[in-house]
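The values are calculated or read from the model by the stated rules, or taken from the named source; none is laboratory data. Nothing here was measured: the structure is a model prediction, and the numbers come from that model. Don't worry about glycine lacking a Cβ; one is built from the backbone with ideal geometry, like all the others, and counts go over all protein chains shown.
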Amino acid sequence: MKNIQYILMMTVIVLLAACSQDVAEEQTQESYAPLRLARATRALTGDTEDSDIRVFLTNGTTATEGLFKYVGESSWTTQLKLKSGKRTYQLYGYMPDKAEFTRSISDWSNNSAVLHIQQLPSIDEQDYCIVTGVYQAENESDKTAAVRGNFSFEYDSQLENYISLFFDHLYSQIVFNMRVGEEYNAVRGIKIKRMKLKVTNTCRYNVDVTLTKDVGISSVAHSGVVSADTREMTIRDEEITLTTTSQTICSAYVLPAASLYDKLTLLIEYDIYDKRGNKIAVRTASNSLANPLEELQRGEKRTLQIDIDPSYLYNLSLDDPPIVVVRGS
């Protein structure tokens, strides 16, 4: 009798364990289904490499946050969990993602949303971009580019779900060209050692991006985080000897916020040589970029021409030649 009771008890335990395993498997299937990124493309300007993509998926009153983690060679892994079933999602996001950012989404519907990103750098070496288009790819090999203004795709947890994303630029690119005037070049040589961008008081910004169906980015609001901090970013750290022919020296990305420009300064460290090759002076020039960056637009690539060209003959021997930064063509 005791043996029969023991057998019955063990049978119940085994059955309960099996049921528990089934429930666990169902819960796992319920909480996760694949969504993969097939391709990411940008609007034409800018040349920054691919990076992590932070996304928000909205459906009805629910918003789900996730990440496409960049693993190299235009490939991403998905860190995003979606419930099983079929539904229509709208996707919003940005690239690159940084740990110091605070992000959220609000006022979403089937036609629009507001993406909030806090602590964005005012200047940077990377090109920050916003998702403005989503395309539902057939499979991993479907490299069709997404179209600006479409944020929706159909999700089915029973299928392999692939999407492609299109990005528009949130920042502007500024390119620095330099040359020496012919008359000054006849008596002096200029060797650039280092160039930096310096920002005072407002090193970071909070940004609210309104995204709208059929449009993409419909508006961007910038709010500077005022502080006593100063940031210097080196944009060139290799020596180069200037000539009378204008040449591209370096570039950087700038958040196109009007409140930033009068706080932004270009620092140029350079050596002056006589025509026998003797170093005769070490100098640092400081130029405000407020006027050259006036009316800078999001996604614009603007060339700034830097001329070392004294205006008068009696200035040709100066060891502090004027350095002028103007908006290029």
Residue match in segment 121-132 (condition: closer than 30 Å to Ile235 by Cβ and surrounded by fewer than 17 Cβ atoms within 10 Å (Cβ to Cβ)): yes
Unique residue being out of contact with any helix residue (DSSP H, G or I) (no Cβ under 8 Å at 6 or more places or on another chain), farther than 17 Å from Arg194 by Cβ and charged (D, E, K, R) when the list is Lys279, Lys263: Lys263
Tally of residues being closer than 11 Å to Arg54 by Cβ, of a type in the set (Asp, Glu) and over 13 Å from the mean Cα position of the chain (by Cα) across segment 97-127: 0
Matching residues, segment 161-208, being surrounded by fewer than 20 Cβ atoms within 10 Å (Cβ to Cβ), among the small types (Gly, Ala, Ser) and in contact with a strand residue (DSSP E or B) (Cβ under 8 Å, 6 or more places away or on another chain): Gly181
Strands (runs of 3 or more DSSP E) (entirely within segment 119-198) containing at least 2 residues that are touching an Asp or Glu at 6+ places or on another chain (Cβ under 9 Å): 129-137, 161-169, 172-180
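Go over the candidates Thr88, Thr102, Thr77, Thr58 one by one and state the one that is at pLDDT 95 or above and over 29 Å from Ser223 (Cα atoms). Working first, answer last.
On the way: Thr102 fails: over 29 Å from Ser223 (Cα atoms); Thr77 fails: at pLDDT 95 or above; Thr58 fails: over 29 Å from Ser223 (Cα atoms).
From the options Thr88, Thr102, Thr77, Thr58, the qualifying one is Thr88.
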Residue match in segment 103-114 (condition: surrounded by fewer than 20 Cβ atoms within 10 Å (Cβ to Cβ), free of Cβ contacts under 8 Å to residues at least 12 places away in the same chain and charged (D, E, K, R)): yes
Residue in segment 220-235 that is surrounded by 14 or more Cβ atoms within 10 Å (Cβ to Cβ) and assigned to a loop (DSSP other than H, G, I, E, B) present: no
